[in-house]
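In what follows, a structure is listed as structure tokens, so that the remarks can point back to it.
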Amino acid sequence: MPVLSPTWTDERIELLKQHFEAGLSCSEIAADIGVSRNAVIGKLSRLNLTRGRTVDDRKARDRGFAPARAPRAVPRLQYEMLATIYGETDAPVVAGPIDEANRCSLLELSENRCRWPISTPGEDDFCFCGNIAPDGQPYCAGHSRLAYRPHARARVIRG
């Protein structure tokens with residue numbers, strides 16, 4: 001069995017310290033010494049050698065390289081669906097009872113019927129709402145109120 005030489009010889013440790021003091025990056029040090037970048041980082045940590053950057057320096061530098069976040073997309077389709085069902089009035093919508101007389105199976109669903117599931121799939125009483133869904137919407141007006149509720153913050157923004 002061959003005897004492996006240690007990764008960190010005295011010469012490599014001296015080179016590591018010299019390169020570190022010269023301000024080389026961990027990748028550059030690793031390439032010059034002939035070890036992995038992670039080995040360099042680990043050895044620097046064990047030797048308690050740090051660059052001395054403050055938290056503020058790191059935050060400022062990190063912000064400079066991070067791409068700007070795109071503003072969150074407003075769920076326009078959701079608002080359009082609500083506007084189609086309820087109109088553009090800001091008056092509170094009175095939630096009436098949802099008619100249960102039109103319940104249907106999956107095979108009975110058609111394009112203009114509400115697809116809101118009732119019960120749990122696989123159960124004997126599983127079915128769909130089946131009420132009339134306006135203008136090709138997936139749900140009737142009553143189930144649309146449940147499905148398309150704007151978030152509280154979005155409601156405040158919209159006024």
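So, Gly142, is that one assigned to a helix (DSSP H, G or I), modelled with pLDDT under 65 and not basic (Lys, Arg) or not?
Considered against the rule, which asks whether it is assigned to a helix (DSSP H, G or I), modelled with pLDDT under 65 and not basic (Lys, Arg), Gly142 comes out as no.
Considering only the stretch 85-109, state which residues are modelled with pLDDT of 65 or more, surrounded by 10 or more Cβ atoms within 10 Å (Cβ to Cβ) and assigned to a loop (DSSP other than H, G, I, E, B).
Listed by number, the residues that qualify are Ile98, Asp99, Glu100, Asn102, Arg103, Ser105, Leu109.
With the structure loaded, tell me whether Leu82 is surrounded by fewer than 11 Cβ atoms within 10 Å (Cβ to Cβ), modelled with pLDDT under 70 and part of a helix (DSSP H, G or I) or whether it fails that test.
On the way: surrounded by fewer than 11 Cβ atoms within 10 Å (Cβ to Cβ): no; modelled with pLDDT under 70: yes; part of a helix (DSSP H, G or I): yes.
Criteria not met by Leu82.
Go through the residues of the stretch 4-22 one by one and say whether even a single one is modelled with pLDDT under 65 and either touching a Pro at 6+ places or on another chain (Cβ under 8 Å) or more than 30 Å from Tyr139 (Cβ to Cβ) (or both).
No: zero hits.
The values are calculated or read from the model by the stated rules, or taken from the named source; none is laboratory data. Note that the structure is a prediction, hence the values are computed from the model and not measured. Backbone-built Cβ (ideal geometry, glycine too); neighbour counts: all protein chains shown.
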